[in-house]
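The values are calculated or read from the model by the stated rules, or taken from the named source; none is laboratory data. It should be emphasised that the depicted structure is a prediction, and the values quoted were computed from it without experimental measurement. Cβ atoms come from the backbone with ideal geometry, glycine included; neighbour counts cover every protein chain shown.
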């Protein structure tokens, strides 16, 4: 079984990210380089983490005109990224441009942030139910040739039913013992996997644990991976 745990290296410095990644490289399936690290260390963070072996998921959340997105995706791929995120609300042409920039694969469409709930959606003028909205964006992503989508555990099952070819990356994953923090639509690792998540994007429950390695191993055991 492929290890589905992607650890979010949401830390401010490359030294912190490298230390975490080196300690966890044998325990997880990949690493996420997010905006905090990108805005600090820059593309060298992607290069450094990718050089360790596991795939790197660059959560850049690209959202701009198609030409700019294509060029940015091209640079991110050149730095060693396996996946990059782009906001689905940027539209089909923009997502297709990201796919071109990534060489034909590796784009993950961000649907609705896990920090948002139904009321937040309505506040920006979207009247649809959150689950319907996410599924609609997932279908747009599929028609744009993205490899997958990012959505909360709440919507995974419906996305998989509508667009079974898409990989689903689930953020907002929290073990029972963890704080919810600033997330609103969350689930345990077991629940997210049962709903059909291909990958679990987990940050603070691992990176801020007293012992990150033990925390990662406990999650792996909880979702049925060998703890040997």
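Can you name the number of the only condition in (1) touching a helix residue (DSSP H, G or I) at 6+ places or on another chain (Cβ under 6 Å); (2) free of Cβ contacts under 8 Å to residues at least 12 places away in the same chain that residue 86 fails?
All conditions are met except number (2).
When only residues in segment 210-224 that are part of a loop (DSSP other than H, G, I, E, B) and more than 20 Å from the chain's Cα centre (by Cα) count, which is surrounded by the fewest Cβ atoms within 10 Å (Cβ to Cβ)?
For segment 210-224, the residue satisfying everything is 210.
Is it the case, given these coordinates, that residue 101 is within 29 Å of residue 44 (Cα to Cα) and touching a helix residue (DSSP H, G or I) at 6+ places or on another chain (Cβ under 8 Å)?
It is true that residue 101 is within 29 Å of residue 44 (Cα to Cα) and touching a helix residue (DSSP H, G or I) at 6+ places or on another chain (Cβ under 8 Å).
If only one of 201, 159 is closer than 22 Å to residue 93 by Cα, modelled with pLDDT of 95 or more and either surrounded by 22 or more Cβ atoms within 10 Å (Cβ to Cβ) or touching a helix residue (DSSP H, G or I) at 6+ places or on another chain (Cβ under 9 Å) (or both), which one is it?
159
Could you run through segment 1-47 and say how many residues are exposed (fewer than 15 other Cβ atoms within 10 Å of the Cβ) and under 15 Å from the mean Cα position of the chain (by Cα)?
1
For segment 101-117, which positions are surrounded by 16 or more Cβ atoms within 10 Å (Cβ to Cβ) and without any contact (Cβ under 8 Å) to a residue 40 or more places away in the chain?
Once the filter is applied, which keeps residues that are surrounded by 16 or more Cβ atoms within 10 Å (Cβ to Cβ) and without any contact (Cβ under 8 Å) to a residue 40 or more places away in the chain, segment 101-117 yields 101, 102, 113.
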